[in-house]
Amino acid sequence: MYFHTKMNRILELIFIFVAFTVSGIAQSQYLSSEIKSLLSVNDKKEIEEAERLRAYGDELMLEAKKMESKYMIHFDNKEDYRTENINKLSSQKLDVFKSVTRKKIRASNQYGNANVIMIAILNKNIDKHIDALSDSELNLILDLSETSTDLLKKGRNLRGKSMSMNNELLAYPYLIEADSIENLALNKLKDAYAIIMKPNVIHKEKAYQTDNIQNINSNTKVYYRIQIAASATNLSIEQLKKIYPNLSIISSEYENGWYKYSIRKNFKSYIEASKYKNIIDVEGAFIIAYINGKKVPVTEAIEQEKN
């Protein structure tokens, strides 16, 4: 008796370990660090929230799997929920099965909310990285994005149908299908970003940032800069790195009681400054202008630039 009890405990621990390992792998693969590196600070925060939702969904699903394993119940696919299979369960197992299914429904809802956030953020950022693409690559990315959107709509429709069901055992099969379709929708966008992150595309984008946008000196008559923030107190380099982890070169100046922070790069035209502002994608950033080293309204600098 002791041996069997101990062996069952060992098997349970092995199951828990494997489940946590698989769960951890799944979480780490939600979005790669390469994809995240292309996003703004605010968008990264949205993605982090989505990944927290998915991680919580994983925890709920793990709890459900443990309950299933304990009572030898395994209903993983939509087909498993057929009436004839459910009718074979004892009254005790049926109660457990209902509890397990409710937990899985909660997990699926976490996945669904996370998918909506991730897909929205990724779609929002695609057009920021298409300048370096060939026509065929661009068409493929647009097709992947449209397919992803269509799949997400299909998944959301299935979730809507599940909500109309009063019986969780009837509702969950729709969510199994919805999870599968929405994961496919997310994977379509991952495929799109794989094209964006091809070495030749990234190289072109970096070349665009460093070569095409010239860092002219301040002796130029008309030039522009990009201000990203202002603070009543002086921020240290460490503080700036935490707030703007993707911006390595930031300069500051004290003006009218404010410490103002801008990208340490001067631009010869308003168009070049505007392009670079879109690249860094810092919320609230704006362009400031100088004529002969004196700050002036941007409209005045643009007029001078034309002459």
Straight-line reach check, LYS268, cutoff 26 Å on alpha carbons, 8 or more apart in-chain or any other chain, hits among lysines -> LYS128, LYS204, LYS206, LYS221, LYS260, LYS277, LYS294, LYS295, LYS306
Rounded to two decimals, the Rg over Rh value of segment 215-306 from Cα coordinates and the Kirkwood Rh reads 0.96
Straight-line reach check, LYS44, cutoff 15 Å on alpha carbons, 8 or more apart in-chain or any other chain, hits among aspartates and glutamates -> GLU34, ASP281, GLU283
Distance in Å, no decimals, from the C-alpha centre of segment 135-201 to the one of segment 34-85 is 15
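Which order do the peptides 135-146, 52-63, 172-183 take when ranked by the mean count of other beta-carbon atoms within 10 Å per residue, highest first?
Working: 135-146: 14.5, 52-63: 18.4, 172-183: 20.7.
Result, highest mean Cβ count within 10 Å first: 172-183, 52-63, 135-146.
Pop the C-beta distance of LYS275 and ASN234 into the FRET formula with R0 = 35 Å and round what comes out to the nearest 0.05.
FRET efficiency, LYS275 to ASN234: 0.70.
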When the charge dipole of segment 224-273 is computed with +1 at the Cβ of Lys and Arg and -1 at the Cβ of Asp and Glu, the Cα pointing farthest to the positive end, of SER251, ILE228, SER269, is that of SER269
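Throughout, read-outs are computed from the coordinates displayed, never taken from laboratory work. All of these numbers come straight from a predicted model, not from anything done at the bench. Heads up, the Cβs are rebuilt from the backbone with ideal geometry, glycines too, and the neighbour counts pull from every protein chain shown.
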